[in-house]
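For reference, the structure discussed in these notes is given below.
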Amino acid sequence: MGELAFRAVDRGTWPDFAALFESRGGPAYCWCMAWRPMDATARGTAPARRAAMEALVDANVPVGILAYHEGAPVGWCSVAPRESYRPLGGPDGEEEGIWSLACFFLRREWRGRGHAAALLDAAIDFARSEGARFLEAYPFDPDSPSYRFMGFVDLFRRAGFSVVGRAGTRRHVMRLSLTG
């Protein structure tokens, strides 16, 4: 299906982000706000989650990257400073400069072809370019019945991540050093 290009979500790419999320099969129900702090009274509605994500983008808070093919958005990765999320299960009291990768989304026709690995590589490059010292992820084992959007352990292991803990009974906490 060809090569992918990657761009950070910002005010200029917001229309592409919105189009991807609102496309058939897109995650318009969550707007990738499930792990981000948000007013509890608005948390239950998709329009409120969309508005909350757009407010983060308008405030220049890093939220993630888009994958493009021939100018059209085909994928997304939520990658941002760990403090911009609610607790995801990483070790507390750790060093500064930790970013979290909390979600992947690829349009259905782009799945199963290795594009998640390309999206992960681009997320690593993005976090590093933004000054992150570590990138933390919260993947599952392939037989897990839920949270598949957080990725699988093997994908992160192949990219050099190491297990540093567990978050609950299903999620692993994995980390990659981005320095040195």
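FYI, it's all coordinate maths here, none of it is from the lab. Just so you know, these numbers come straight off a predicted model, no measurement behind them. A quick note on method: Cβ atoms are made from the backbone with ideal geometry, for glycine too, and the neighbour counts reach across all protein chains shown.
Between Arg24, Arg166, Arg49, the GNM of the chain built on Cα springs shorter than 10 angstrom shows Arg24 fluctuating the most.
The longest part of the chain holding none of the exposed loop GluC sites (Glu not before Pro), meaning those outside H, G, I, E and B in DSSP with at most 16 other Cβ atoms within 10 Å, is 4-69. Put a plus charge on the Cβ of each Lys and Arg, a minus charge on the Cβ of each Asp and Glu, and nothing anywhere else: the dipole of the range 5-177 about its Cα centre is then about 520 debye. Here each label is just a point 7 Å from Cα along the line to Cβ, and for Asp143 and Ala19 those points are 4.2 nm apart. Helices assigned as whole DSSP H runs in the chain whose Cα atoms extend at least 15 Å along their own long axis and whose mean Kyte-Doolittle hydropathy is -1.0 or higher are found at 46-58, 115-129. Proximity of backbone amide H atoms, modeled 1.01 Å from N, is registered between Val164 and Val173, Met174, Arg175 at under 5 Å, excluding neighbours fewer than 5 places apart on the same chain.
Whole-Hz Karplus values for the range 172-179 come out as 8, 10, 10, 9, 10, 6, 9, 10 Hz, taken residue by residue from phi with 6.51 cos²θ - 1.76 cosθ + 1.60 and θ = phi - 60°; glycine and proline positions read x. Taking label points 7 Å from Cα along the Cα-to-Cβ direction, Ala72 and Arg128 give a separation of 3.1 nm.
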